[in-house]
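Working notes, structure below.
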Amino acid sequence: MSSPASTAPEPLDPLDPAHPLDPGRPGDAVVASGRTAGELAGAAEREATALLTPPAPVRLGDVVPAPERVTPDGTADHLLAADAVIRVSADPAALAVAEQLAALLRPATGYPLPVTDTAGPAPAGGIALHLAGDTELGAEGYRLDVTTGGVRITAGTAAGLHHGVQTLRQLLPAAIESATPVAERWVLPGGSILDRPRYPHRGAMLDVARHFFGVPDVLRVIDHLARYKLNRLHLHLTDDQGWRIAVDSWPALATVGGASEVGGGPGGHYTRDDYRRIVAYAAARHITVIPEIDLPGHTNAALVAYAELAPERIAPPPYTGTEVGFSYVDPASERTYDFVADVLGELAALTPGEWLHIGGDEAFKVPAQVYASFVERVQRIVAGLGKSVVGWHQIAPAAHADGRLLQWWGTSGDDPATADAVRRGARLILSPGNHAYLDMKYAPETPIGQDWAGLIDVRRAYDWNPAAHLTDVPAEAVLGVEAPLWTESVTTLAEIEFMLFPRLPAIAELGWSPRSTHDWDRFRERLAGHGARWTAAGITFHRSPEVPWPAQPSIPAPRRGSPDHAPTRSARD
Ligand code: TNX
């Protein structure tokens with residue numbers, strides 16, 4: 001028998017002489033066992049509770065990314081009640097997290113889940129979000145406690161509460177992702193989680209230049225990042241095939257340079273209000289937008305709009321192919337630096353985050369010395385705007401600038417120029433092409449994607465160590481990871497999702513989880529439970545053969561044809 005203090009269902013052994021239903025000794029069982037009627041009533045009540053609260057279908061340790069510390073308590077599962085209340089510290093940012101939690105849970109549960117601040121009397125049960133001055137949890141950590149009596153998330157910041165909410169969401173049955181009410185017992189597994197990220201920079205990049213994606217698509221991608229506790233969205237806003245952000249001082253960049261894309265489609269661009277909306281939506285999910293203006297190469301679209309930026313002052317035709325490395329703005333012209341200062345100035349004013357990404361990749365036609373001077377001058381412009389610069393690792397040879405970040409996208413583990421830039425003070429974001437490039441195919445038969453950096457199945461996306469990836473780069477220089485999605489071959493939201501899932505969660509786990517949790521077999525088992533969540537949320541994903549997906553999702557498919565949902569296509573190949 002379990003301990004009397006336990007609230008767990010007691011296993012009632014029919015061979016136990018104390019069993020109340022023991023047919024052999026009617027009437028004397030209580031006396032024989034030495035148990036009072038009250039104790040027996042308690043046992044019966046616990047058994048009834050157990051029937052009402054079946055074991056949680058999700059285990060506390062099933063979370064992706066793996067939490068730092070998980071302490072399950074099989075006696076403490078919590079059944080979310082229909083009249084549960086969400087209580088939250090009276091802080092505007094914490095209240096916003098609580099409202100988002102309510103908005104996440106209401107559709108599937110159909111429960112009202114009112115949000116109240118903690119000033120009033122404490123009702124029993126429900127969910128509490130508590131902002132505490134708890135330094136142990138850091139800028140993004142949280143603690144989650146599930147007991148029979150309720151669920152509590154504690155954090156030092158609203159970002160920490162937000163991450164705790166993502167964990168809470170994953171602990172409910174997969175049907176919680178349904179957009180319409182589902183008859184389900186909303187049970188959470190009992191116990192405690194203490195969780196903090198390994199790296200402060202955990203990102204994904206969306207290339208909206210090769211193919212343009214409208215604001216609703218980008219907002220949905222932001223939701224996907226938030227689920228897996230990513231905190232940076234890098235937007236690749238400009239490239240040869242299109243310029244995607246309105247710039248008041250150079251209006252033709254967007255209206256002319258934006259009117260093309262790979263394959264000859266219409267392209268498009270974000271107005272300043274569109275961009276503000278994206279930034280605000282991301283910020284509400286504790287995600288910082290890092291906008292990229294790729295310079296000096298990858299600029300054909302800008303040259304189409306303004307011939308004065310071109311080395312020969314002749315506007316090229318719009319480019320709708322997929323080659324790289326042929327275009328550049330004239331580094332010898334002062335007009336080019338006016339353009340850079342104007343564009344980055346307007347973008348800096350629209351961007352609350354600390355960083356501006358200046359690209360710097362594949363400027364093959366610009367001589368090395370000229371290239372380094374150009375990058376140094378652009379770095380000074382960024383610093384003058386009060387921002388820190390990020391560039392692809394090709395900017396390594398340029399002089400160091402305070403706070404400079406290099407984004408590694410190579411496929412080898414050795415690059416003396418990058419190691420040297422790190423010695424001069426740069427820090428690194430790791431996006432190794434052969435592990436983190438989500439535009440690579442999963443397998444030879446993957447219908448979209450590239451393979452120049454190799455095939456990237458889920459294991460390849462997961463099985464590398466950011467801290468030890470580059471020779472002669474100390475672990476302390478690594479600020480985090482980022483998964484880029486280039487879109488030469490990606491044309492729809494469903495295709496974006498197909499390339500992100502299930503590899504984005506793999507990269508997210510590298511960025512968040514302590515190295516001690518790294519284990520491919522356990523990762524793929526945890527990941528397997530997410531397929532049903534993605535299906536319920538209408539998220540397209542690749543049913544990778546490496547992941548032991550359960551045979552059939554046990555939950556209803558989402559409504560088709562709803563504007564909020566991509567067509568459900570759980571296996572494209
Ligand atoms: C390389 S990665 C590029 C991009 C392409 C990508 C395709 C990088 C900084 N440059 O221009 O879209 O490969 O995989």
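The values are calculated or read from the model by the stated rules, or taken from the named source; none is laboratory data. As the structure is a computational prediction, the values presented were derived from the model and not from experiment. Using ideal geometry, Cβ is built from the backbone for each residue, glycine included, and neighbour counts are taken over all protein chains shown.
You will find that of Gln394, Gln379, the residue that is part of a helix (DSSP H, G or I) and within 28 Å of the chain's Cα centre (by Cα) is Gln394 and no other.
For the range 408-443, a residue qualifies if it is part of a loop (DSSP other than H, G, I, E, B), in contact with a helix residue (DSSP H, G or I) (Cβ under 8 Å, 6 or more places away or on another chain) and within 13 Å of the ligand (Cβ to nearest atom), and the qualifying residues are Trp409, Gly410, Thr411, Leu438, Asp439. Suppose the filter is surrounded by 17 or more Cβ atoms within 10 Å (Cβ to Cβ) and in contact with a Leu (Cβ under 8 Å, 6 or more places away or on another chain); does Asp457 pass it? No: the conditions fail for Asp457. Of the residues making up the range 352-370, none is aliphatic (A, V, I, L, M) and free of Cβ contacts under 8 Å to residues at least 12 places away in the same chain. For the range 530-546, a residue qualifies if it is farther than 24 Å from Asp217 by Cα and either of a type in the set (D, E, K, R) or buried (at least 21 other Cβ atoms within 10 Å of the Cβ) (or both), and exactly one does: Glu546. Pairs are defined by a Cβ separation below 8 Å, a sequence spacing of at least 6 or placement on different chains, a first member in the range 194-213 that is closer than 30 Å to Asp145 by Cα, and a second member that is acidic (Asp, Glu) and more than 16 Å from the ligand (Cβ to nearest atom); the pairs so defined are Leu194/Glu68; Asp195/Glu68; Arg196/Glu68; Arg196/Glu140; Pro197/Glu140; Pro200/Glu140. Only one entry of Ala103, Ala82 meets the criterion of being surrounded by fewer than 21 Cβ atoms within 10 Å (Cβ to Cβ), part of a loop (DSSP other than H, G, I, E, B) and either hydroxyl-bearing (Ser, Thr, Tyr) or out of contact with any strand residue (DSSP E or B) (no Cβ under 7 Å at 6 or more places or on another chain) (or both), and that entry is Ala82.
Going by the structure shown, is Asp573 modelled with pLDDT under 95, of a type outside the set (Ser, Thr, Tyr) and within 26 Å of Pro432 (Cα to Cα)? In short, yes. Taken over the range 133-156, the criterion of being of a type outside the set (Gly, Ala, Ser), in contact (Cβ under 8 Å) with a residue 60 or more places away in the chain and crowded, with 21+ Cβ neighbours inside 10 Å is satisfied by Glu140, Val146, Val151. The residues of the range 163-190 include none that are among the basic types (Lys, Arg) and out of contact with any Leu (no Cβ under 9 Å at 6 or more places or on another chain). Return yes when Gly449 is more than 16 Å from the ligand (Cβ to nearest atom) and farther than 19 Å from Gly413 by Cα and no when it is not. So Gly449 does not fit the description; no. Note on the range 222-310: enclosed helices (runs of 4 or more DSSP H) holding 2 or more residues that are within 30 Å of Val63 (Cβ to Cβ) are 272-284. All conditions in (1) surrounded by 15 or more Cβ atoms within 10 Å (Cβ to Cβ); (2) under 27 Å from Leu206 (Cβ atoms) hold for Glu323, with the sole exception of (1). Of the residues in the range 217-238, not one is more than 22 Å from Leu405 (Cα to Cα), surrounded by 24 or more Cβ atoms within 10 Å (Cβ to Cβ) and within 16 Å of the ligand (Cβ to nearest atom). Only residues that are assigned to a strand (DSSP E or B) and not β-branched (Val, Ile, Thr): list them for the range 122-171, please. Once the filter is applied, which keeps residues that are assigned to a strand (DSSP E or B) and not β-branched (Val, Ile, Thr), the range 122-171 yields Ala128, Leu129, His130, Leu131, Tyr142, Arg143, Leu144, Asp145, Gly150, Arg152, Ala155. What are the pairs, 6+ residues apart or on separate chains, where a residue within the range 426-438 that is free of Cβ contacts under 8 Å to residues at least 40 places away in the same chain has its Cβ under 7 Å from a residue that is assigned to a strand (DSSP E or B)? Pairs that qualify, where the first residue is free of Cβ contacts under 8 Å to residues at least 40 places away in the same chain and the partner is assigned to a strand (DSSP E or B), are Pro432/Trp408.
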